[in-house]
Amino acid sequence: MNFYKSAALALDHLDKNQGSVKGSLAAAGIKSTPGEGKRILALVIETLKYKPILLELLKIVPLLSLEKITFPKKVPKGAPSSLSLILVLLHDLLFSIKNKIEASDSWPPKPSILKYQTRLKAELVKIQIKKGKSSIKDLAKSSSSEVSEAIRYIRFNTNSPNKTVNDLHKDLSKLGYTKLDEEKYPLDSKSYFMDNHLNDVLLNFNGNTNWWLKNDYYLDGHIILQDKASCLPAKVLMYNWNDDEGECIDATAAPGNKTSYVSALMGNKGKLHAFERSPHRYKTLTSMLEKAHCKNVIPQRADFLESDPKSKEYKNVTRILLDPSCSGSGIVNRLDYLLEDDVEKEEESELKTERLEKLASFQLQMILHAFKFPSAKRIVYSTCSIHPEEDERVVLSALQSKIAKDKGWKLAPRNQVIPTWERRGRKEELGDDEDLAQGVIRCSPEDRTNGFFVSCFVRDDPEGLSIKTKSQQDEANQDEANQVQAQSHGQAQITTQPEAGKSKIAAKPKKRAREEEVAVEIVKSTSKKHSDSTSLTAANNNNLDDQIEIEEEKIMTNDTEEDKTIKEKTEAQLERNKRKKAVQKEKAKKRKLEKV
């Protein structure tokens, strides 16, 4: 495989799945000799260091639009994205020791870039001067430079009495701060700008900013320190909210940042039920709500899963926010997480998989419980995880559930889920359905946020997205294949596509325990299918639908003879899978010994 294509594929895998460079080379299926592998690894790491500068350069010299035939938006399956391919080629041309693209002149991407070589180098020098660097090599991003380029997000609390965001701007001006009209990176220590996605309340400062320490705006709850990604679930939940619509629930409210933002988006009116089962975290929640001037929140130290959806207390609940316990794998505060060696021992990998399955079953259980609230119309599910097991796969399992089909729950489309946010979901984790992938959000440290995932379920909404049937998916795949083929011949018209620990619970009711068992089995079934293939086909989706329906029916009925038979078959299958896994593991050990 072409050296540059291999490096670009690794970049694509990193962009979608995070992880480390070494892990991405293996996961992307890149085969190479030890020497070639080291060369590819070095190129990927160096490209990552210069990626922010290269992306800035591509805004000035837009190669993707200037060379549409060579670098199409849609590429054949197994080929790297045009953007990643351009990035690795530009690195070698502009930053490598030889300053040249080491490929044949007959390979189309090379001459397509070289025709802009003079302009690219001139613009790069301008960027270097603008950033005050002595050489272009100093433009490389590193762990030390990241500290100064980090962003401090500060949310103005619109629940604040006698204070407005304009008051904040005026007081910041008195402190010597300048409000910029547009975003700028890196930010100097005395400048700030309003966020381009949450431009009414979120202020962006240099990461070293500390003016708020001992300042009344912070002490009196007029501002809240909250990462941008953490603000997105509340914003998505309250899309097109009307004051007379109904009530809301925050199912896992502590420490209260998201709760206070939902309260503010409700205009501090109506009712917002806030659940928190941990006594210690409940105290943190109530303290935060008081500080943030939340008058419409009804906190309760209770487990959301123990709530009764049919209770009169919740008959008017139309919107529910779910941000349950997760692995926390998205909480990253440094760039070099990409450069770590994540090669794990088999035992560690198995423990990680087991933990993710348990978390995913709990997360799915939360969603299925939320589906039961009779007046609910909009449910947001979010995590601070980068693992698809907790993100897209949980969403897919929820959409395939019997209760989702019976009650009409679907996925909200992109236009209702921060449409201007570029990084969307992983298509291959959502049955290869591009529409579903566009309907969810992924956040990455490269977006200057923590790793995060946001999805939204809707009901009685004509725009809602359902899982495609096999025929619909085949038709969509064929249309995409035709478009790629047309582009490869330079005949297709280019169309614009958006770029893509909670405490343990004591004894539980019997029904609750059965629901947990069902969720675990659903998650295990989903995980097994994904271990066999990197993407789900529509046929696999239909098979999983049947399994989920069978398992959910067990909750609604007593253990009949038929149920016992199903359970015995399931247990037998699990035992066979366990034995098969043990045999595979033993073979792997033997192969290692033979190599030694």
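The values are calculated or read from the model by the stated rules, or taken from the named source; none is laboratory data. These numbers come from a predicted model, not from an experiment. Quick reminder, even Gly has a Cβ in these numbers, built from the backbone with ideal geometry, and neighbours come from all protein chains shown. Side chains are part of the model used for accessible areas, which takes the heavy atoms of the whole protein and leaves out ligands, DNA and RNA. Shrake-Rupley method; radii C 1.70, N 1.55, O 1.52, S 1.80 Å.
Just to check your reading of the model, which residue among Lys358, Lys345, Lys377 is surrounded by fewer than 21 Cβ atoms within 10 Å (Cβ to Cβ) and at pLDDT 95 or above?
That would be Lys377, the only listed residue that is surrounded by fewer than 21 Cβ atoms within 10 Å (Cβ to Cβ) and at pLDDT 95 or above.
Only one of these is more than 17 Å from Leu11 (Cβ to Cβ), among the aliphatic types (A, V, I, L, M) and either modelled with pLDDT under 95 or part of a helix (DSSP H, G or I) (or both): Ile101, Ile113, Ile129, Ile86. Name it. From the options Ile101, Ile113, Ile129, Ile86, the qualifying one is Ile129. For the stretch 202-265, no strands (runs of 3 or more DSSP E) sit wholly inside it while including 3 or more residues that are among the hydrophobic types (A, V, I, L, M, F, W, C) and within 30 Å of Ser311 (Cα to Cα). Scanning the stretch 227-247 for residues that are open to solvent by 10 Å² or more (accessible area, probe 1.4 Å) and more than 15 Å from the chain's Cα centre (by Cα) yields Lys235, Met238, Tyr239, Asn240, Trp241, Asn242, Asp243, Asp244, Glu245, Gly246, Glu247. Can you work out which of the residues in the stretch 103-113 that are surrounded by 12 or more Cβ atoms within 10 Å (Cβ to Cβ) and more than 35 Å from the chain's Cα centre (by Cα) is nearest to Val44 (Cα to Cα)? So, considering only residues that are surrounded by 12 or more Cβ atoms within 10 Å (Cβ to Cβ) and more than 35 Å from the chain's Cα centre (by Cα), the one nearest to Val44 (Cα to Cα) is Ala103. Leu124 fails exactly one of the following numbered conditions: (1) open to solvent by less than 60 Å² (accessible area, probe 1.4 Å); (2) in a loop (DSSP other than H, G, I, E, B). What is the number of that condition? With respect to (1) open to solvent by less than 60 Å² (accessible area, probe 1.4 Å); (2) in a loop (DSSP other than H, G, I, E, B), Leu124 is out only on (2). If you go through the stretch 52-80 and keep only what is surrounded by 21 or more Cβ atoms within 10 Å (Cβ to Cβ) and under 23 Å from the mean Cα position of the chain (by Cα), you end up with just Pro80.
Condition first: exposed (fewer than 12 other Cβ atoms within 10 Å of the Cβ) and part of a helix (DSSP H, G or I). Can you find one or more residues in the stretch 139-151 that meet it? Scanning the stretch 139-151 turns up at least one residue that is exposed (fewer than 12 other Cβ atoms within 10 Å of the Cβ) and part of a helix (DSSP H, G or I).
Considering only residues of the stretch 384-409 that are of a type in the set (A, V, I, L, M, F, W, C) and assigned to a loop (DSSP other than H, G, I, E, B), which is nearest to the chain's Cα centre (by Cα)? Can you show your working first?
Step one: of the stretch 384-409, the residues of a type in the set (A, V, I, L, M, F, W, C) are 384, 386, 394-396, 398-399, 403-404, 409.
Now restrict to residues that are assigned to a loop (DSSP other than H, G, I, E, B): 384, 386, 409.
Values: Cys384: 8, Ile386: 6, Trp409: 21 Å.
Ranking the candidates gives Ile386 first.
Keeping to the stretch 1-22, report how many residues are open to solvent by less than 20 Å² (accessible area, probe 1.4 Å) and at pLDDT below 75. So the count comes out to 3. Summed over the stretch 158-179, residues that are open to solvent by less than 50 Å² (accessible area, probe 1.4 Å) and β-branched (Val, Ile, Thr) total 1. With respect to Gly35, determine if the residue is at pLDDT below 80, in a helix (DSSP H, G or I) and either more than 24 Å from Gly451 (Cβ to Cβ) or touching a strand residue (DSSP E or B) at 6+ places or on another chain (Cβ under 6 Å) (or both). Against the criterion (at pLDDT below 80, in a helix (DSSP H, G or I) and either more than 24 Å from Gly451 (Cβ to Cβ) or touching a strand residue (DSSP E or B) at 6+ places or on another chain (Cβ under 6 Å) (or both)), Gly35 qualifies.
Taking the stretch 180-193 as the range and being surrounded by 13 or more Cβ atoms within 10 Å (Cβ to Cβ) and more than 25 Å from the chain's Cα centre (by Cα) as the test, the residues that pass are Leu180, Leu187, Ser189, Lys190, Ser191, Tyr192.
Scanning the stretch 266-314 for residues that are open to solvent by 70 Å² or more (accessible area, probe 1.4 Å), in contact with a Gly (Cβ under 9 Å, 6 or more places away or on another chain) and assigned to a loop (DSSP other than H, G, I, E, B) turns up just one, Lys271.
Can you pull out the residues in the stretch 191-210 that are farther than 29 Å from Arg423 by Cβ and at pLDDT 95 or above?
From the stretch 191-210, those farther than 29 Å from Arg423 by Cβ are 210; that's our starting set.
Hits for the stretch 191-210: nothing passes.
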